[in-house]
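Here's the structure, in structure tokens; my notes come after.
The values are calculated or read from the model by the stated rules, or taken from the named source; none is laboratory data. Keep in mind it's a predicted model, so treat the numbers as computed, not measured. Quick reminder, even Gly has a Cβ in these numbers, built from the backbone with ideal geometry, and neighbours come from all protein chains shown. In case anyone asks, the SASA skips ligands and DNA or RNA and just uses the protein heavy atoms, side chains included. Shrake-Rupley method; radii C 1.70, N 1.55, O 1.52, S 1.80 Å.
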Amino acid sequence: MPGSRAQRRIAHRERRRATRRHALLAVASAVVAIGATAGLIDAGQDDGRNTARPEPTPPPVLQPLPAVPTPTAPSATAIPPSATPAPAPSRSRTATRPSAAPTATPSPTRPATPAAPPGARLFRHPQSQVLDWVRAHPDDPRRPVIESRIAAQPAAVWFAVHNPGEIAGQVRAVTRGAAAAGRTPVLVPYAIPDRDCGGASQGGAPDLAAYDAWIREFAEGLGAGPAIVILEPDAIALSDCLTAPERAARFASLARAGRALRTANPQARVYFDGGHSGWHTPAKQAAALRAAGAATSGDGIFTNVSNFHRTADETAYARRVLAALGGPAGLGAVVDTSRNGNGAPAAGQWCDPEGRALGQTPTTRTGEARIDAYLWVKLPGESDGCSGAAGSFTPEYAYALATG
């Protein structure tokens with residue numbers, strides 16, 4: 001009933017405020033103790049090795065979170081280079097809470113073992129905000145650098161709108177384009193209810209039943225070729241804002257999503273949210289991943305999405321998480337290297353921090369055991385919300401990353 005929903009919303013807001021007050025008090029009491037330590041850890045990593053552990057774990061409310069990504073085009077057909085971007089996803093907070101877990105999806109016919117690691121070249125989608133800017137500014141002196149160092153690189157395609165009836169066609173347009181080019185697309189479904197815990201990228205499906213239906217439609221568009229699916233950034237690492245029953249229901253939904261995606265396309269590799277090396281301990285993150293079915297419903301984990309931690313730190317962290325997770329030996333990890341060229345900024349500086357740089361260009365040939373790919377999941381130059389509106393492309397920021 002409307003009154004009951006209002007009471008639940010009020011109670012939820014009070015819980016969130018209380019959680020944030022406790023987190024801020026904890027941070028305030030720890031600043032003097034860990035401030036110098038964090039600086040020494042960053043300073044000791046110039047050689048690219050993981051030489052200082054453990055790193056202090058800041059509370060999730062201070063972590064960089066995915067800004068609203070480049071939206072996908074509404075067309076279900078191939079997207080021409082001149083196509084206009086679709087409107088940015090809505091930032092309105094979902095009013096309803098995640099529902100109780102629906103009936104479990106029937107067991108998949110695909111064996112519960114990882115797919116073969118990706119080996120093909122990665123797909124560059126013909127539509128993005130950076131490409132639109134490059135086309136619209138032929139005489140800008142920053143254009144050659146931004147075009148060659150950012151726009152020319154393959155990057156992930158985000159699907160951040162809960163749009164039943166349309167999502168299958170949108171995914172199919174990307175996977176068909178990638179198949180025609182003989183390349184592997186990187187796809188990011190990003191519509192879990194209570195996405196981003198009310199942060200800059202809040203939104204998502206109205207409840208888990210709606211999300212389950214949406215992800216099944218998403219799976220219909222995967223086709224039969226190789227694909228990499230980055231399943232719901234922050235959905236696991238940033239789940240402490242939920243109550244225990246809500247968290248359990250979300251994890252069950254993510255397990256169903258992994259099964260649906262892998263069953264629809266046996267060549268698709270599905271990666272679950274592994275957070276990053278400056279957040280939860282490997283043991284804690286692995287326990288949450290296990291509860292979400294990552295070892296049985298996925299092909300591995302992803303780390304560092306929209307973050308800045310050095311590749312060496314992330315690969316070492318990912319291996320520790322995988323070891324703690326257990327599961328099939330073929331489970332691997334992918335790392336977002338889009339903005340980690342200079343490593344992480346000072347603690348608490350997550351919103352378009354200065355002094356960052358592009359990282360390792362995207363590739364599926366890492367030469368590292370259990371590391372399946374370095375990817376650009378967060379599109380470089382798209383703001384966290386400080387250099388421009390969250391998710392908007394800002395050429396100043398892009399140029400700074402490209403020359404940092």
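Numbers at a glance
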| quantity | calculated |
| --- | --- |
| Residue-by-residue Karplus 3J(HN,Hα) for the range 176-189, coefficients 6.51, -1.76, 1.60, Hz, glycine and proline x | 5, x, 5, 4, 5, 8, x, 10, 9, x, 10, 10, 10, x |
| Pairwise FRET efficiency - A181 versus A346, Cβ, R0 = 41 Å, nearest 0.05 | 0.50 |
| J(HN,Hα) series, the range 129-137, from Karplus relation 6.51 cos²θ - 1.76 cosθ + 1.60, nearest Hz, glycine and proline x | 5, 5, 5, 4, 5, 4, 5, 8, 10 |
| Convex hull volume of the range 224-272 per residue (C-alpha atoms, cubic angstrom) | 49 |
| Total charge dipole magnitude, the range 204-313, about the Cα centre, Cβ charges on Lys, Arg, Asp, Glu only, Debye to nearest 20 | 320 |
| Sequence-separation-based contact order of the range 172-284, relative, with Cα cut under 8 Å and 6+ spacing, percent | 30 |
| Centre separation in Å (Cα based) which lies between the range 136-154 and the range 339-404 | 16 |
| Cβ-derived FRET efficiency at R0 45 Å, A244 paired with D139, nearest 0.05 | 0.20 |
| Relative contact order of the range 240-301, pairs being alpha-carbon contacts under 8 Å that are 6 or more residues apart, as % | 44 |
| Average projection area in nm² (convex hull over Cα atoms of the range 147-194, one quarter of hull surface) | 4.4 |
| Per residue accessible area in Å² of the range 325-404, where ligands, DNA and RNA are left out and the probe is 1.4 Å | 35 |
| Portion, in percent, of the accessible area of the range 245-303 that falls on carbon or sulfur, probe 1.4 Å | 65 |
| Distance between the range 164-225 and the range 248-272 - C-alpha centres, whole angstrom | 12 |
| Compactness index (Cα Rg / 2.2 N^0.38 Å), the range 168-218 | 1.38 |
| Distant-in-sequence amide H partners of I301 (H built 1.01 Å from N, under 5 Å) | F272, G332, A333, V334 |
| Per-residue HN-Hα couplings for the range 151-168 [Karplus 6.51, -1.76, 1.60; θ = phi - 60°; Hz; x = Gly/Pro] | 4, 7, 8, x, 9, 6, 10, 8, 10, 10, 10, 7, 9, x, x, 10, 5, 4 |
| Dipole magnitude of the range 338-404 about its Cα centre (Cβ charges: Lys, Arg +1; Asp, Glu -1), debye to nearest 20 | 220 |
| The range 162-319: C-alpha gyration tensor shape, a/c 1.5 cut-off, then a/b vs b/c | oblate |
| Other-chain or far-sequence residues with amide H under 5 Å of A344's (modelled H) | R310 |
| Packing-based order for 153-166, 133-146, 362-375, using average beta carbon neighbours within 10 Å, highest first | 153-166, 362-375, 133-146 |
| Surface per residue (accessible, 1.4 Å probe) for the range 180-255, Å² | 24 |
| Normalised contact order of the range 199-355, rounded percent, pairs of Cα under 8 Å and 6 or more residues apart | 21 |
